[in-house]
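Asker: Pasting a structure here, questions to come.
Nothing in this text is a laboratory measurement; each read-out follows from the coordinates by a stated rule. This one's a predicted model, so the numbers in the text were calculated from it and none came from an experiment. Note that we place each Cβ from the backbone using ideal geometry, even for glycine, and neighbour counts take in every protein chain shown.
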Amino acid sequence: MKITDSTWDALVRHPSTHGDAANGIDVHAQVGESGVLLLRYVLRAELFRVRIPPLKPAQRRDGLWKHTCFEAFIKAPGAAGYYELNFAPSGQWAIYRFNAYREGMSSPDLDAFPEISVRRYENRLEVDAAVLLNDLIGLQGAPHVQVALSAVVEEENGTLSHWALKHTPGNADFHWPDGFVLTLAM
């Protein structure tokens, strides 16, 4: 197991999903000072063919994963429970806690909401997200965390493609326990 302070990783499109507007997604992940998880997603695509939700007030919103959305799943080593973090280019977000694989979902109380910034270029969309990990009780005291990074890209015709560091055999499943392949120092 390699523990890192910071890393750039390329997400891979799930072989069963379709769509060709996106050329690739790179993600930079690190845990910064004061236990803040910093993520930068860079979507390289023909953006005129990608549905990018318009900016909205930053607030919690369910169902973001049904459209273009950037995600991280994070847990303490050896823990059954984990967190799902969703960040939409609209500036909306969601955080869920699971007690085990797809079981016991709840929305944790947060002292500070995630901060999201979005930059759009001709053929690139950048989404930055910062989340205070101390708000996530299941991670407190962990010397490092295990992370699964993923994204959903929705094309103008409604086609969805699913991207992750590591995919499960069969259908796309970002909750897959073996997808937590990135380890970050706290």
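Asker: Which label belongs to the value computed from this structure, given these candidates for Rg/Rh (Cα atoms, Kirkwood Rh): [x] 0.93; [y] 1.20; [z] 0.96?
Answerer: Among [x] 0.93; [y] 1.20; [z] 0.96, the one derived from this structure is [x].
Asker: A further question follows. Run the count for the chain, please: Lys pairs, Cα-Cα under 17 angstrom, 8 or more apart or on different chains.
Answerer: Numbers: Lys2/Lys75; Lys2/Lys166; Lys56/Lys66; Lys75/Lys166.
Lysine pairs meeting both conditions in the chain amount to 4.
Asker: How big is the equivalent ellipsoid of segment 92-155 along its three axes, where each semi-axis is √(5λ) from the Cα gyration tensor, reported in whole Å from largest to smallest? Could the numbers behind the result be given before it?
Answerer: Values: eigenvalues 133, 46, 31 Å².
Working through the eigenvalues yields semi-axes of 26, 15, 12 Å.
Asker: Can you give the % of DSSP beta bridges in segment 3-185 that are antiparallel, to the nearest 5?
Answerer: Details: 62 of 65 bridges.
Percentage antiparallel, nearest 5: 95.
Asker: Between Asp178 and Arg60, what is 0.36 nm times their sequence separation minus the Cα-Cα distance? Round to one decimal in nm.
Answerer: Taking Asp178 through Arg60 to full extension adds about 39.7 nm, to one decimal.
Asker: Related question: Below 8 Å, C-alpha to C-alpha, sequence gap of six or more: please give me the relative contact order for segment 3-185 in percent. Don't skip to the end; give the middle numbers.
Answerer: Working: 459 pairs, mean separation 50.9, N = 183.
In percent, rounded to a whole number, it is 28.
Asker: Let me know the charge dipole size of segment 3-185 about its Cα centre in debye, to the nearest 20, where only the beta-carbon of Lys, Arg (+1) and Asp, Glu (-1) is charged. Working shown, then result.
Answerer: Numbers: 16 positive and 22 negative charges, 52 e Å.
The calculation lands at about 240 debye.
Asker: Using only Cα positions of segment 1-74, each an equal point scatterer, no hydration layer, compute I(q)/I(0) via Debye at q = 0.12, 0.17, 0.24 Å⁻¹ and quote the log10 values to two decimals.
Answerer: Values returned for q = 0.12, 0.17, 0.24 Å⁻¹ are -0.45, -0.87, -1.33.
Asker: Cut-off is 10 Å between beta-carbons; in what order do Glu46, Glu154 appear when sorted fewest neighbours first? Please report the intermediate quantities before stating the final value.
Answerer: Numbers: Glu46 14, Glu154 20.
By the 10 Å Cβ count, ascending: Glu46, Glu154.
Asker: Please name which of Pro108, Trp176, Ile74 has its Cα lying farthest along the dipole of the chain towards the positive end, using unit charges on Cβ (Lys, Arg +1; Asp, Glu -1) and the Cα centre as origin.
Answerer: Farthest along the dipole direction, towards plus: Trp176.
Asker: Could you tell me the largest-minus-smallest coordinate of the C-alpha atoms of segment 36-129 on each of the three principal axes, in descending order and whole angstroms?
Answerer: 42, 25, 25
Asker: For segment 24-113, what is the relative contact order in percent, using Cα pairs closer than 8 Å and at least 6 residues apart in sequence?
Answerer: Values: 143 pairs, mean separation 18.2, N = 90.
Relative contact order, segment 24-113: 20 percent.
Asker: Also, I was wondering about something else. Before anything else, pin down the relative contact order of segment 65-145: Cα pairs under 8 Å, at least 6 apart, normalised by residue count, whole percent.
Answerer: Details: 133 pairs, mean separation 19.9, N = 81.
The value is 25 percent.
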